[in-house]
Amino acid sequence: HYQPEDTRLYHFYSQEILDNFFRKVILETDLRQALERNEFQLYYQPQVNVQTGKVVCAEALIRWQHPEHGMISPAEFIPIAEESGFIITLGEWIIRTACTQIKTLQAEGLNNFSIAVNISACQLINKNFSEKIIDIINETGIAPELLELELTETVFIQDIESVKQKLNYLSQQGIKISIDDFGTGYSSFKYLQEFPFHNLKIDRYFISNIDKFKNKQVLVKSIIQTADNLNLNIIAEGVETKNELAWLMRNNCDIVQGYFFSHPLPIEELKEFLSSRAK
Ligand code: C2E
Ligand code: MG
Ligand code: MG
Ligand code: MG
């Protein structure tokens, strides 16, 4: 039996699917020019050690200011860059920019400031990944200890042995490695032991309203306990409220990151943030 209402619904959805499809095609094409046109920028979100009150690291988060479509979220364009392979070129730019920035901060007296860079699984499985990183470190002249790589659990779906080798090598060179968004993906406590991680970042999902939810508290306590046993630093991401922070401090989480302290900032604003805290 024919129902006109349903047909309209159908047209509505198919138009939306088409729009999404075209947007994706357009963004994929525009991505390539965006680099040459200087449309990308790294923002930096401070990580605060709540025991010492110090900020010794910031996470680099990419931003794309599209000339027609405005600010586009990395959550939208990074997957497109991964699919098309452009992430290799873009990823290199991200690492080089972050390392150059570390150098600039040093020139201004911030000697032990590190920057954490997000790395896609596609970058890691690329053949020359480790060499490229070392090249960039040598080129920019920074201490490898000041560069941190954030990897998500998707790296465990890849060729495990080769990934492990690369990470061991990079870690031996002094580079720090963090497991990002812990708890959301293919998480296995087993991998925490087998891979050379320095930091474990608990995903924002678990931190959100942690002071109110018993089930989250049980989970996060066990993650912190495990990390402690394995000598990993815990970083809580997405801390937005005083009550979340208080709970985390009571439960021995030393490093926190989130809107409660600061949104991701352009480099000039990060510098202001740092110097205002130093007073
Ligand atoms: P992520 O690495 O887990 O980064 C944390 C995200 O949470 C960032 O979103 C950050 O702006 C946001 N965030 C930080 N604090 C809070 C908070 O208190 N509340 C809320 N609601 N959100 C908070 P962003 O910058 O949109 O990045 C999203 C994701 O895109 C990142 O998740 C990461 O997976 C990816 N990404 C961002 N920059 C890069 C990059 O340079 N390279 C790669 N490969 N991926 C990137
Ligand atoms: Mg991250
Ligand atoms: Mg994260
Ligand atoms: Mg996340």
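The values are calculated or read from the model by the stated rules, or taken from the named source; none is laboratory data. Note that the structure is predicted; figures quoted are calculated from it, not measured. No Cβ is skipped: glycine too gets one built from the backbone with ideal geometry, and neighbour counts run over all protein chains shown. Protein only, heavy atoms only, side chains kept; ligands, DNA and RNA dropped before computing areas. Shrake-Rupley method; radii C 1.70, N 1.55, O 1.52, S 1.80 Å.
Would you check if L105 is crowded, with 18+ Cβ neighbours inside 10 Å, under 20 Å from I179 (Cβ atoms) and touching a strand residue (DSSP E or B) at 6+ places or on another chain (Cβ under 9 Å)?
no
Looking at the range 181-204, which of the residues that are hydroxyl-bearing (S, T, Y) and surrounded by fewer than 16 Cβ atoms within 10 Å (Cβ to Cβ) is nearest to the chain's Cα centre (by Cα)?
Among those that are hydroxyl-bearing (S, T, Y) and surrounded by fewer than 16 Cβ atoms within 10 Å (Cβ to Cβ), it is T184.
Scan the range 21-61 residue by residue and report those that are within 16 Å of ligand 3 (Cβ to nearest atom) and free of Cβ contacts under 8 Å to residues at least 60 places away in the same chain.
The answer is A60, and nothing else.
Here is a list of conditions, (1) modelled with pLDDT of 95 or more; (2) within 11 Å of ligand 3 (Cβ to nearest atom), and P144 meets all of them except one; can you say which number that is?
(2)
Identify all residues within the range 205-251 that are part of a loop (DSSP other than H, G, I, E, B) and exposed (fewer than 13 other Cβ atoms within 10 Å of the Cβ); write none if there are none.
K212, L230, N231
Is there a residue in the range 118-127 that is touching a strand residue (DSSP E or B) at 6+ places or on another chain (Cβ under 6 Å) and either within 16 Å of ligand 2 (Cβ to nearest atom) or under 20 Å from L42 (Cα atoms) (or both)? Talk me through it step by step, then tell me what you get.
Residues of the range 118-127 touching a strand residue (DSSP E or B) at 6+ places or on another chain (Cβ under 6 Å): 118-119.
Cutting the leftovers down to either within 16 Å of ligand 2 (Cβ to nearest atom) or under 20 Å from L42 (Cα atoms) (or both) gives us 118-119.
Looking through the range 118-127, at least one residue is touching a strand residue (DSSP E or B) at 6+ places or on another chain (Cβ under 6 Å) and either within 16 Å of ligand 2 (Cβ to nearest atom) or under 20 Å from L42 (Cα atoms) (or both).
Pull up the range 79-93, narrow it to residues that are β-branched (V, I, T), surrounded by fewer than 21 Cβ atoms within 10 Å (Cβ to Cβ) and within 17 Å of the chain's Cα centre (by Cα), then point me to the one that is farthest from E145 (Cα to Cα). If you could, list the steps in order and put the result at the bottom.
Here is the first cut: in the range 79-93, the ones β-branched (V, I, T) are 80, 87-89.
Then keep just the ones that are surrounded by fewer than 21 Cβ atoms within 10 Å (Cβ to Cβ); that gives 80, 88-89.
Remaining after also requiring within 17 Å of the chain's Cα centre (by Cα): 80, 88.
Values: I80: 31, I88: 23 Å.
By that ranking, first place goes to I80.
Among the residues of the range 177-204, count how many are more than 17 Å from L149 (Cβ to Cβ), within 11 Å of ligand 1 (Cβ to nearest atom) and outside any loop (DSSP other than H, G, I, E, B).
Total meeting the criteria: 2.
Out of (1) on the phi < 0 side of the Ramachandran plot; (2) within 16 Å of ligand 3 (Cβ to nearest atom), what's the single condition that is false for T226?
Against the list (1) on the phi < 0 side of the Ramachandran plot; (2) within 16 Å of ligand 3 (Cβ to nearest atom), T226 comes up short only on (2).
Report every pair of residues separated by at least 6 positions or lying on different chains whose Cβ atoms are under 7 Å apart, first residue within the range 131-154 and in contact (Cβ under 8 Å) with a residue 40 or more places away in the chain and open to solvent by less than 10 Å² (accessible area, probe 1.4 Å), second assigned to a helix (DSSP H, G or I) and within 16 Å of ligand 2 (Cβ to nearest atom).
From the range 131-154, the pairs are I133/I95; I136/I95.
What number of residues within the range 62-78 satisfy the criterion of being within 15 Å of ligand 3 (Cβ to nearest atom) and open to solvent by 40 Å² or more (accessible area, probe 1.4 Å)?
2
Is there any pair with a first residue in the range 218-231 that is over 12 Å from L192 (Cβ atoms) and a second that is open to solvent by less than 50 Å² (accessible area, probe 1.4 Å) and of a type in the set (A, V, I, L, M) whose Cβ atoms are under 6 Å apart and which are 6 or more apart or on different chains, and what are they?
As it stands, the answer is I224/I234, since those pairs meet every condition given.
In this structure, does R63 turn out to be among the basic types (K, R) and within 10 Å of ligand 1 (Cβ to nearest atom)?
yes
Taking the range 181-223 on its own, how many of its residues are within 16 Å of ligand 4 (Cβ to nearest atom), under 16 Å from N233 (Cα atoms) and among the charged types (D, E, K, R)?
3
When only residues in the range 252-265 that are open to solvent by 40 Å² or more (accessible area, probe 1.4 Å) and more than 9 Å from ligand 1 (Cβ to nearest atom) count, which is farthest from I177 (Cα to Cα)?
Across the range 252-265, the extreme among qualifying residues is N252.
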